[in-house]
Amino acid sequence: MTFIDSHCHLTDPQFDRDREAVIERAPLRVSAVDPGLVETEFSEVRFHGDKERAATVYQGLKPLSADDVADAIAYVVNLPDHVNILDLIIMPTAQRNVYVVDREPH
């Protein structure tokens, strides 16, 4: 059995303790998938339907797509039972970390 969590837990040590408690002595694989900038409707919701403002989030870079993240999750889920990826951080090549993004001038 595999459990995938796709929320940002990069700085949450409690998540690691909770994960360890869940899988202790259980035949489970638990993985955290932490995506960087993914172009979805999230920015439109964040900016209350302002599509123009939402588009600026991804301006000057090629963000991940929902399919990119889904492919990474499919990879993790389809690994042999004895293999577990604890944390998968997936970001577009223009995103160096959670805070730094290399944008091309517009």
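The values are calculated or read from the model by the stated rules, or taken from the named source; none is laboratory data. In this text, all values refer to a predicted model and were calculated from it rather than measured experimentally. Cβ placement follows ideal geometry from the backbone for every residue including glycine, while neighbour counts extend to all protein chains displayed.
General observations
- Restricting attention to region 95-105, the residues that are in a loop (DSSP other than H, G, I, E, B) and touching a residue at least 40 places away in the same chain (Cβ under 8 Å) total 5.
- Sub-6 Å Cβ pairs linking a first residue in region 35-51 that is over 18 Å from Val101 (Cα atoms) to a second residue that is of a type in the set (Gly, Ala, Ser), at least 6 apart or interchain, are Glu44/Ala54; Phe47/Ala54, ordered by first then second residue.
- First in region 80-92 and more than 12 Å from Val30 (Cα to Cα), second anywhere and part of a loop (DSSP other than H, G, I, E, B) and of a type outside the set (A, V, I, L, M), Cβ under 8 Å, 6 or more apart: Ile89/Gly36; Ile90/Gly36; Met91/Gly36; Met91/Asn97; Pro92/Gly36; Pro92/Lys62; Pro92/Pro63
- Residue match in region 60-78 (condition: exposed (fewer than 12 other Cβ atoms within 10 Å of the Cβ), on the phi > 0 side of the Ramachandran plot and in a loop (DSSP other than H, G, I, E, B)): no
- Taking region 12-39 as the range and being at pLDDT 70 or above and polar (S, T, N, Q) as the test, only Ser31 passes.
- Looking across region 56-78 at every residue that is among the aliphatic types (A, V, I, L, M) and without any contact (Cβ under 8 Å) to a residue 12 or more places away in the chain, the one that is nearest to Leu28 (Cα to Cα) is identified as Ala74.
- Verdict on Ala54 being of a type outside the set (S, T, N, Q), buried (at least 16 other Cβ atoms within 10 Å of the Cβ) and either modelled with pLDDT under 95 or in contact with an Asp or Glu (Cβ under 8 Å, 6 or more places away or on another chain) (or both): yes
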